[in-house]
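Asker: Take a look at this one; I'll ask things after.
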Amino acid sequence: MALIDVTGLRKSYGSREVLRGIDLQVDEGEIVGVLGPNGSGKTTAVECIGGLRTRDGGSVRVAGMDPADDPRALRETLGMQLQQCRLPNRIRVGEALEVYSAFYANPRPASELLERFGLSRHVKQPFGKLSGGQQQRLSIALALIGRPRVAFLDELTTGLDPAARREIWEYLKLLRDEGVTMLLVTHFMEEAAYLCDRVVILEGGRIVASGTPESIAAGAGQQETSFAVDPAVDLDALRLVAGVTSVSVERDRVLVRGDADSPQAVLGALAAAGITARQLRVTSPSLDDAYLTLTREGASR
Amino acid sequence: MTAATATAAHVRNETRLLLREPAALIFGAVLPLAAIIVMAVIPAAREANPDFGGFSVVQVYQPTIVLFATSVLGLTVMPAILGGYRQQGILRRLRTTPAPAGALLAALFIVIAAVGLLVSALLVVVPAIAGAGLPANLGWFVLAAVLSLLAFLGLGTVLASVVPSPAAASGIGNVVAAIMWFASGLWLPRVAFPDWLVTLTDLTPGGAATQAMLNATLGVPPSGEPFVVLAVWTALAAALAVRTFRWE
């Protein structure tokens with residue numbers, strides 16, 4: 001059975017339906033990204049699955065436990081890093097780790113977390129005097145201090161500089177190697193592509209796409225084949241090539257859009273006509289493209 | 001992890017944090033101590049005063065000052081801390097840990113009550129050292145002081161849950177505290193209250209606690225009523241505090 005098993009999860013705030021039936025299964029050791037525009041229900045979904053909000057319908061099991069019962073064992077199993085959660089301004093980094101480690105049966109040593117998250121030099125610094133990135137790092141460290149089997153991280157790298165972001169990604173990869181199952185709520189496609197085995201894209205309270213980052217990117221976007229304008233090229237002939245959906249000239253380049261096999265077909269057609277494409281470039285669709293396409297579709301529905 | 005280890009960790013931590021934020025303690029601890037010291041060093045305040053039925057100013061005001069300290073700590077310091085924790089998402093964050101909700105509440109109770117007990121003890125000991133004497137029935141005095149502290153801490157916790165903004169909660173706490181000060185005779189000594197006002201204020205935790213402490217100071221045989229009133233308020237506040245508690 002999946003470690004996280006969600007079926008038909010629904011939640012409304014008053015008359016506003018925020019989640020309209022979410023199904024999600026996450027196996028032990030998987031890292032699953034939850035993507036979606038603001039207001040798509042990402043945070044609500046994660047909070048319902050984590051038992052911080054009462055769901056209106058559907059079933060949720062995390063490691064076999066129903067979060068609605070708020071079992072103590074769930075809190076040992078699940079570490080959560082939430083948005084907009086601060087610590088008292090005057091608590092020092094080392095003290096925060098000390099307090100939180102008292103809550104768990106078998107906590108990670110504070111020294112390990114301090115080093116991993118680059119906080120060793122800030123042990124005695126009060127939370128209120130830390131930079132935004134340092135506060136965020138401490139918050140993630142606290143979510144992982146109890147050696148959770150499952151970790152929910154909500155917008156974990158928002159507000160961090162690129163170097164700090166990469167550092168955290170590396171640490172999360174190490175955690176994955178230890179078998180920690182993770183649900184990452186994120187805005188960054190790059191982050192999802194780098195860390196996640198699988199992503200689900202939420203829009204209007206529904207999952208509009210799910211799969212590996214590569215398959216989602218390939219499914220929604222188009223391959224672009226472009227090369228320098230050449231008078232010998234017959235644009236109309238290119239439009240008839242299998243898999244090609246559009247041909248245009250932008251600036252001084254010919255731009256051919258089409259399916260996954262279209263670049264090969266275009267090059268074949270050119271070769272058959274005895275033309276060598278110069279300054280050839282083939283661009284694969286990115287997760288970003290897919291995300292924008294999918295969520296735009298959702299918004300226009 | 002047990003509830004006890006979590007509570008102990010919170011107690012250590014909240015003590016540390018409170019000591020770093022001494023502004024919170026100026027009204028609840030420093031001011032009453034300053035008041036009793038000033039009174040205790042004035043010889044006339046330690047002597048029997050015919051206006052107060054043959055008791056000294058210090059004796060008549062001591063219960064009022066103790067009550068001032070316990071009411072400020074319970075009704076304003078408690079909601080300011082707890083409400084702030086809720087507003088900043090600190091409670092929400094704690095909810096994701098195995099530590100039970102009661103652990104932090106218990107720790108705040110313990111830490112603030114410890115401050116209240118320390119201050120109350122000094123408010124009794126300082127005048128005694130200066131020669132104003134101890135309350136005649138020290139045990140009853142202490143019991144009344146402790147009960148008032150518990151009732152106010154409970155009411156402060158309720159305020160923190162019911163009023164959304166911590167500033168407003170502690171503001172309302174201040175108003176309630178001021179009513180308690182009046183009931184305890186801060187502006188007009190209770191011995192000068194007309195009978196109807198005595199009856200009315202006896203039903204408030206401030207009035208009941210002060211009356212019980214006054215009786216103990218003056219050596220009047222203890223009566224059960226103020227203790228019943230205090231016990232009812234404490235139980236009511238505790239039940240309400242548990243019922244109204246919210247994480248966010």
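Asker: Return the residue satisfying two criteria in turn: it lies in segment A:55-67 and is touching a Lys or Arg at 6+ places or on another chain (Cβ under 8 Å) and part of a loop (DSSP other than H, G, I, E, B), and of such residues it is nearest to the other protein chains (Cβ to nearest Cβ).
Answerer: Filtering first and then ranking leaves A:63.
Asker: Now for a different question. What number of residues in segment B:53-109 are facing another protein chain (nearest Cβ under 9 Å) and not in a helix (DSSP H, G or I)?
Answerer: Here the count works out to 7.
Asker: Before we move on, is residue B:30 more than 10 Å from every other protein chain (Cβ to nearest Cβ) and closer than 15 Å to residue B:122 by Cβ?
Answerer: Spelling it out, residue B:30 is indeed more than 10 Å from every other protein chain (Cβ to nearest Cβ) and closer than 15 Å to residue B:122 by Cβ.
Asker: Six or more apart or on different chains, Cβ under 8 Å: which pairs go from a residue in segment B:85-103 that's surrounded by fewer than 18 Cβ atoms within 10 Å (Cβ to Cβ) to one that's part of a helix (DSSP H, G or I) and at pLDDT below 90? Could you list them?
Answerer: The qualifying pairs are B:87/B:166; B:102/B:3.
For (1) of a type in the set (Gly, Ala, Ser); (2) surrounded by 18 or more Cβ atoms within 10 Å (Cβ to Cβ); (3) more than 21 Å from the chain's Cα centre (by Cα); (4) closer than 25 Å to residue B:87 by Cβ, each residue gets a yes or a no:
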| residue | (1), (2), (3), (4) |
| --- | --- |
| A:99 | no, yes, yes, yes |
| A:108 | no, no, yes, no |
| A:112 | no, no, yes, no |
| A:123 | no, no, yes, no |
| A:145 | no, yes, yes, yes |
| A:153 | no, yes, no, yes |
| A:179 | yes, no, no, no |
| A:184 | no, yes, no, no |
| A:188 | no, yes, no, no |
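Asker: Now a separate question. May I ask you to list the residues in segment A:68-89 that are more than 9 Å from chain B (Cβ to nearest Cβ) and under 24 Å from the mean Cα position of the chain (by Cα)?
Answerer: The answer is A:77, and nothing else.
Asker: Which residue pairs have Cβ atoms closer than 7 Å, lie 6 or more positions apart in sequence or on different chains, and pair a first residue in segment A:211-228 that is modelled with pLDDT of 85 or more with a second residue that is outside any strand (DSSP E or B) and of a type in the set (A, V, I, L, M, F, W, C)?
Answerer: A:213/A:192; A:213/A:193; A:213/A:196; A:213/A:287; A:225/A:266; A:227/A:277; A:227/A:280
Asker: Let me ask you something else. Please report, ordered by residue number, the helices (runs of 4 or more DSSP H) entirely within segment B:145-240 with at least 3 residues that are modelled with pLDDT under 95, closer than 30 Å to residue B:87 by Cα and under 15 Å from the mean Cα position of the chain (by Cα).
Answerer: B:166-183
Asker: Would you mind finding the one in A:142, A:74 that is without any contact (Cβ under 8 Å) to a residue 40 or more places away in the chain, of a type outside the set (Lys, Arg) and under 17 Å from residue A:180 (Cα atoms)?
Answerer: Among A:142, A:74, only A:74 is without any contact (Cβ under 8 Å) to a residue 40 or more places away in the chain, of a type outside the set (Lys, Arg) and under 17 Å from residue A:180 (Cα atoms).
Asker: Ok, one more. Kindly indicate whether any position in segment A:117-137 is more than 9 Å from chain B (Cβ to nearest Cβ), under 18 Å from residue B:10 (Cα atoms) and of a type outside the set (Lys, Arg).
Answerer: Among the residues of segment A:117-137, at least one is more than 9 Å from chain B (Cβ to nearest Cβ), under 18 Å from residue B:10 (Cα atoms) and of a type outside the set (Lys, Arg), which makes the answer yes.
Asker: Would segment B:21-40 turn up any residue that is at pLDDT 85 or above, assigned to a helix (DSSP H, G or I), small (Gly, Ala, Ser) and surrounded by fewer than 19 Cβ atoms within 10 Å (Cβ to Cβ)?
Answerer: Yes - at least one qualifying residue is present in segment B:21-40.
Asker: Which is without any contact (Cβ under 8 Å) to a residue 12 or more places away in the chain and over 18 Å from residue B:238 (Cα atoms), of B:134, B:122?
Answerer: B:134
Asker: Now for a different question. Could you list, in sequence order, all residues of segment A:249-261 that are surrounded by 12 or more Cβ atoms within 10 Å (Cβ to Cβ) and closer than 12 Å to residue A:226 by Cβ?
Answerer: Residues satisfying the conditions are A:249, A:253, A:254, A:255, A:256, A:257, A:258.
Asker: Within segment A:176-187, identify whether any single residue is modelled with pLDDT under 85, among the acidic types (Asp, Glu) and closer than 28 Å to residue B:97 by Cβ, and answer yes or no.
Answerer: yes
Asker: For segment A:1-39, which residues satisfy the criterion of being outside any strand (DSSP E or B) and farther than 26 Å from residue A:175 by Cβ?
Answerer: Listed by number, the residues that qualify are A:14, A:15, A:37, A:38, A:39.
The values are calculated or read from the model by the stated rules, or taken from the named source; none is laboratory data. Owing to the predicted nature of the structure, the values given are computational and were not obtained by experimental measurement. Heads up, the Cβs are rebuilt from the backbone with ideal geometry, glycines too, and the neighbour counts pull from every protein chain shown.
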